[in-house]
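S.K.: I'd like to ask you about the structure that follows.
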Amino acid sequence: MTGPVLAVDQGTSGTKALVICPERGVIGTGFAAVHTRRLPGGLVETGPEELYESVLVAGRRAVAEADEPIAALGLANQGETVLAWDPDTGLPLSDALVWQDRRAAGVCAELAEHAEELRQLTGLPLDPYFAAPKMAWIRRHLTRDGVVTTSDAWLVHRLTGTFVTDAATAGRTQLLDLDRTAWSPRALELYGLSGERLPEVVDAAGHIGTTTAFGPRIPLTGLVVDQQAALFAQRITAPGGAKCTYGTGAFLLAHTGEQPRRGGSGLVSCVAWRLAGRTSYCLDGQVYTAASAVRWLTDLGVITGAADLDRVGAGVPDSGGVTFVPALAGLAAPWWRGDLRGSLTGLGLDTRAGHLVRALCEGLAAQVVELAEAAARDLGTPLDVLRVDGGLTRSALLMQTQADLLQRPVEVSALPDATALGAGALARLGAEPGLTVPEALPDWKPSAVYEPRVSSDEAAERLAVFRAEVGVLLDRRPA
C-alpha cells in the first residue's frame, strides 16, 4: 500500500479524523462536535445519528483537505457506549447510553453475589461503566427489538454492512471470556442476554468491509477501542510501559504481555488488541472526569476553558488549603464507587479562582497516581516513566503537578491525536499484511518531559491529604 489512510476517532465530545501519509505524516484533519445530555440521576446519553453524522463530517473534511486517494480506513470508538438498533435497516432503536451513564446501577446490584465470578471470567469489576449492565438495562426498560451492542458495531454496520466488533472493544462489555477472547455463555446468562445476537469478534487489523461514505470505495482495515489505540500509538507494545490519556476522563493503561493479569489492586484486566489471532493484554485504570471536570469549572464561570488552567493557576502559589476530589461522575478504579459524588473542602473567604484550579489539577493528578501505584503493585515492579497524551496535556500546570505527585518523569507525547494515530497504524497493518508493527507505528518522541520538582516527602504529604478526603467519601453509605 502506498496511499494515505483515514483514521477516525469517534469520542465522547466529538469525532476527530486524520488522513495520514506514511511518508509525510498528517495531511488532512477534520473535527465534528458531539453533544451529550447530562441528566439528573447520573444519566448521560447522546443521539446515535449525531454520532454517525460526526464520523461522516469529520472524515469527509479530512479527506477533502488531503485531496488524495485513501487506501484504508481505521476506526476507534468510545468502548462502553451502547445502543439498540435494527440490523435490517441500521436505524437506532434507542439513544446511546454513554460510558459515564449510571442508570444500570440496579442491574449491578442484583448481580452482586456474582461479582467475583464475573471478574475472574471477564477481567472486569461489576460496575455500570461497562457495556453489559447498560445492554441489560436497555432490554429491560427500552426495547426487546433489534440488537443491542457497543457503538462501534453500529457504526461499522452503517459504514460497511458488516456485523463485527474487535476483541478489545468486546472486552469492555463484561461479556467476553478474557482468556479465550470469545463471548462467554455464562456471562450472557447472568445478564439475561443469552438469546442476543452479538457481533463477530475480530482482530484489530484486517479486512472488515468496505465503505463509500467518504467518497470512493475504501476498505475498513483497522478497528479498536480508543484507549488501546492510544497505547498502540505510544509504542507501548510490550510489558514495562504505561500511558495515560487525558480526555473527557483520564485512562491509564499498562501493557502486560500475552497473558491477562488479574491483580487485586482494583484495576481492570483487559484485551489490549488481537493481531493475527494473538492477543495482547493490559491493565486499565480509569478516572471518570478529567476534561469534563474542567468543563464543569468552566460552566461555573471560574475559568473560560481548559486554556485558562495555567494562566489562572499561576495567580497563586498553591491550592491554599483547598482539596478537590473531582468525582463528579463517581470514583472509578481502584475504588469502584460510582455512587459517590465529588467533594471540595478547605474553602475560605480568601479562596480564589486560582486555588480552585490548582486543587482540580491536584485532584486529577492524585487519582492518576493511585492508578499508577495500583498498576505497579499488580505488575510487581514500579513504572519508570509515564507517557501521556490528550488535550489536557497542553496544561503545563497539570503536567508538572502530575510529575510532582507521581515522583516520576512525565513524557508528553508530541502526537496530540494518539488515538486516531493508533487507529491509523492498525489500518495500515490490516491493509499491508507483510508490514511489521514497528513499521506501522508513528515515530514517537516527547514534546516535553516534566521532572518532579518537589521532594518525595512533600508529594507524600499532598497525597495523604487527598486520600483522607477520599476516605471520607468512601465511608458514606452507597446511594
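The values are calculated or read from the model by the stated rules, or taken from the named source; none is laboratory data. Quick caveat: nothing in here was measured; it's all calculated off a predicted structure. We place every Cβ from the backbone using ideal geometry, glycine too, and count neighbours over all the protein chains shown.
S.K.: If residue 458 passes every condition in (1) over 25 Å from residue 227 (Cβ atoms); (2) in contact (Cβ under 8 Å) with a residue 60 or more places away in the chain; (3) assigned to a helix (DSSP H, G or I) but one, which one does it miss?
M.R.: Going through (1) over 25 Å from residue 227 (Cβ atoms); (2) in contact (Cβ under 8 Å) with a residue 60 or more places away in the chain; (3) assigned to a helix (DSSP H, G or I) one by one, residue 458 breaks only (2).
S.K.: On to the next question. With respect to residue 50, is the statement that it is in a helix (DSSP H, G or I), closer than 27 Å to residue 329 by Cα and out of contact with any helix residue (DSSP H, G or I) (no Cβ under 8 Å at 6 or more places or on another chain) true?
M.R.: Yes.
S.K.: Taking into account only those residues within the range 86-109 that are touching a residue at least 60 places away in the same chain (Cβ under 8 Å) and of a type in the set (D, E, K, R), which is surrounded by the most Cβ atoms within 10 Å (Cβ to Cβ)?
M.R.: Among residues in the range 86-109 that are touching a residue at least 60 places away in the same chain (Cβ under 8 Å) and of a type in the set (D, E, K, R), the one surrounded by the most Cβ atoms within 10 Å (Cβ to Cβ) is 102.
S.K.: Would you confirm, using the coordinates I've provided, whether residue 30 is part of a strand (DSSP E or B), surrounded by 15 or more Cβ atoms within 10 Å (Cβ to Cβ) and among the small types (Gly, Ala, Ser)?
M.R.: Yes: the conditions hold for residue 30.
S.K.: If residue 237 meets every condition in (1) among the hydroxyl-bearing types (Ser, Thr, Tyr); (2) surrounded by fewer than 24 Cβ atoms within 10 Å (Cβ to Cβ); (3) modelled with pLDDT under 95; (4) in contact with a strand residue (DSSP E or B) (Cβ under 6 Å, 6 or more places away or on another chain) apart from one, which number is that one?
M.R.: (4)
S.K.: Please verify whether the range 318-335 includes one or more residues that are of a type in the set (D, E, K, R) and under 23 Å from residue 252 (Cβ atoms).
M.R.: no
S.K.: Can you run down the residue pairs with Cβ atoms below 7 Å, 6 or more apart or on separate chains, where the first is in the range 363-383 and farther than 22 Å from residue 465 by Cβ and the partner is among the aliphatic types (A, V, I, L, M) and in a helix (DSSP H, G or I)?
M.R.: The qualifying pairs are 382/376; 383/372; 383/375; 383/376.
S.K.: Across the range 447-474, what is the total count of residues that are among the charged types (D, E, K, R) and closer than 19 Å to residue 333 by Cβ?
M.R.: 2
S.K.: Let me ask something additional. Can you say whether residue 42 is closer than 30 Å to residue 286 by Cα and either touching a His at 6+ places or on another chain (Cβ under 8 Å) or buried (at least 16 other Cβ atoms within 10 Å of the Cβ) (or both), as far as the supplied structure shows?
M.R.: Yes; evaluated as a whole, the condition is true for this residue.
S.K.: A further question follows. Kindly check whether there is at least one residue in the range 349-366 that is of a type outside the set (Gly, Ala, Ser), modelled with pLDDT of 95 or more and under 28 Å from residue 224 (Cα atoms).
M.R.: Yes; the residues of the range 349-366 include at least one that is of a type outside the set (Gly, Ala, Ser), modelled with pLDDT of 95 or more and under 28 Å from residue 224 (Cα atoms).
S.K.: What are the pairs with Cβ atoms under 8 angstrom where one residue, in the range 203-226, is touching a residue at least 12 places away in the same chain (Cβ under 8 Å) and over 18 Å from residue 10 (Cα atoms) and the other, located anywhere, is buried (at least 24 other Cβ atoms within 10 Å of the Cβ) and of a type in the set (Asp, Glu)? Sequence gap at least six, or different chains.
M.R.: 203/166
S.K.: Let me ask something additional. Please list, ordered by first then second residue, the pairs with beta carbon atoms under 6 Å, 6 or more apart or interchain, first in the range 277-305 and on the phi > 0 side of the Ramachandran plot, second of a type outside the set (A, V, I, L, M, F, W, C) and not in a strand (DSSP E or B).
M.R.: Qualifying pairs under 6 Å: 305/298.
S.K.: Where residues in the range 267-290 are touching a Pro at 6+ places or on another chain (Cβ under 8 Å) and hydroxyl-bearing (Ser, Thr, Tyr), which of them is nearest to residue 337 (Cα to Cα)?
M.R.: By that ranking, first place goes to 289.
S.K.: Taking residue 440, is it surrounded by 12 or more Cβ atoms within 10 Å (Cβ to Cβ), on the phi < 0 side of the Ramachandran plot and at pLDDT 95 or above?
M.R.: When the stated conditions are applied, residue 440 does not pass them.
S.K.: OK, next. Pick from 215, 195: which is farther than 29 Å from residue 57 by Cβ, of a type in the set (Gly, Ala, Ser) and either part of a loop (DSSP other than H, G, I, E, B) or under 21 Å from the mean Cα position of the chain (by Cα) (or both)?
M.R.: The match here is 195.
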